[in-house]
Amino acid sequence: MIARQILIHEDAQATAHAIAARLITTIADALAARGVAHVVVTGGSLGIAALEAVAANPAKTSVNWSQVHFWWGDERFVASDSADRNVRQAAALFEALDTLGLDRATVHAMGARDQYETAEQAAAAYARELAEEAEEGALNPAFDVLMLGMGPDSHVASLFPNHTRSDEPGVIAVHDSPKPPADRVTLTMGTINTAKEVWLLVAGAEKAPALAAAQHEVNEVAVPASAVHGTEATRWIIDRAAATLL
């Protein structure tokens, strides 16, 4: 497994700005190397704060955003206009990038309840969308960066401890989620771990026990965050409050 790099910043705000700066640089490097970039973004307070920090960062003008694909690690299966949806919470970023050439066709939102009858249908549709942007024979694009938040219970995306899971690459529906709303769509661990770089974004003292458990041993069932890794780099980008038990 790729060694984990732990990067500790002073507080949640500093962590969000550090994530934003690193993300802009990583995207620019991917564009220089391949002409296209694929990024999986996340919701949650720190994830959304990081995206807002990208929108506020002057360096964003150095990126050709028309060639950047945005994906989601998970989504709440609710109405498309619901404030609970991660993609709606990230609206400030996409609005800021519109004037810099962002093609909204490359913002790949997961399906909503008013678009599909079931979360399974939404998951299947997202799997097809991933495959359409993948190289021949692959199930998903080569993600340059995949960002994840972590809950106090150590869940990542919508993969909860001792709950719905799949080791196979793909996109699955989640029902009876321990955290509302009950119905969700998520990438599987098998897909998450195909990313070149995986970044886990963690802030707050309430996350410290789960963070310590995730560093102690790999146990995907009981501590999902512990099993996450990239193929080239795994970075835990955290604040001091979350790091207190390390």
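The values are calculated or read from the model by the stated rules, or taken from the named source; none is laboratory data. This one's a predicted model, so the numbers in the text were calculated from it and none came from an experiment. All Cβ positions, even for glycine, are placed from backbone atoms using ideal geometry, and neighbour counts span all protein chains on display. Note: areas computed on protein heavy atoms with side chains; ligands, DNA, RNA excluded. Shrake-Rupley method; radii C 1.70, N 1.55, O 1.52, S 1.80 Å.
Label sites at residue 57 and residue 115, each approximated as a point 7 angstrom past Cα along Cα to Cβ, lie 2.7 nm apart.
Starting from 0.36 nm per residue, how many nanometres of slack lie between residue 125 and residue 21 once their C-alpha separation is accounted for? List each step's numbers first, then the result.
Working: separation 104, 0.36 × 104 = 37.44 nm, distance 3.22 nm.
Difference between extended and current length: 34.2 nm.
For region 171-190, backbone nitrogen atoms closer than 16 Å to the point 7 Å from residue 220 Cα along Cα-to-C-beta are found at 171-173, 186-190. Here the Kirkwood formula puts the hydrodynamic radius of region 149-204 at 11.9 Å, using every distinct Cα pair. Taking the Cα centroid of region 12-30 and of region 65-111, what is the distance between the two, rounded to the nearest whole Å? What the calculation gives is 18 Å, centre to centre. The GNM of the chain, with springs linking C-alpha atoms under 10 angstrom apart, assigns the highest mean-square fluctuation among 218, 68, 171 to 218.
If the viscosity is 1.567 mPa s and the temperature 4 °C, what Stokes-Einstein diffusion coefficient in µm²/s follows for region 119-238 when Rh is the Kirkwood radius over Cα pairs?
Details: Rh = 14.6 Å.
Translational diffusion coefficient: 89 µm²/s.
Of the listed values (i) 21.0; (ii) 14.4; (iii) 12.0, grab the one calculated as mean projected area of the Cα convex hull in nm² from the structure here. Step by step, mean projected area of the Cα convex hull in nm² for this structure corresponds to label (iii).
Could you please state how large a percent of the accessible area of region 23-109 is carbon and sulfur, counting protein chains only and using a 1.4 Å probe? Each step should come with its number before you reach the end.
Details: 1640 of 3290 Å².
Carbon with sulfur: 50 percent of the solvent-accessible area.
Cross-link partners of residue 179 among aspartates and glutamates, defined as those whose alpha carbon lies under 15 angstrom from its own and excluding same-chain residues fewer than eight positions apart: 74, 75, 84, 153. Taken over the Cα atoms of region 80-171, the convex hull encloses 141 Å³ per residue. Considering only alpha-carbon pairs that sit under 8 angstrom and 6 or more positions apart, the relative contact order computed for the chain is 24 percent.
Dimensions of region 2-68 from C-alpha coordinates, computed as largest minus smallest value along each principal axis and given longest first, are 34, 31, 19 Å.
Compute the relative contact order of region 99-237 as a whole-number percentage, counting only Cα pairs closer than 8 Å that sit 6 or more residues apart in sequence. Display every interim value, and only then the final one.
Working: 251 pairs, mean separation 32.6, N = 139.
Averaging sequence separation for qualifying contacts and normalising by length gives 23 percent for region 99-237.
Looking at region 136-246 alone, DSSP beta bridges between its own residues are antiparallel in about 35 percent of cases.
Compute the signed sum of charges (Lys and Arg +1, Asp and Glu -1) over the other residues within less than 11 Å, Cβ to Cβ, of residue 81. Summing Lys and Arg as +1 and Asp and Glu as -1 gives +1.
Entry comment: accessible area of the chain is 42 Å² per residue, from protein heavy atoms only and a probe of 1.4 Å.
Using r as the Cβ-Cβ distance of residue 139 and residue 231, and R0 as 22 Å, what FRET efficiency do you calculate, to the nearest 0.05?
About 0.90, to the nearest 0.05.
On the beta carbon distance between residue 34 and residue 245, with R0 = 30 Å, the FRET formula returns roughly 0.15. Quick note on region 1-132: its Rg to Rh ratio, both from C-alpha atoms and Rh being the Kirkwood radius, is 0.98. The DSSP beta bridges internal to the chain are antiparallel in roughly 25% of cases.
For a Förster distance of 25 Å, can you work out the FRET efficiency between the beta-carbons of residue 4 and residue 81, rounded to the nearest 0.05?
On the way: r = 38 Å, r/R0 = 1.53.
In this case the efficiency is close to 0.05.
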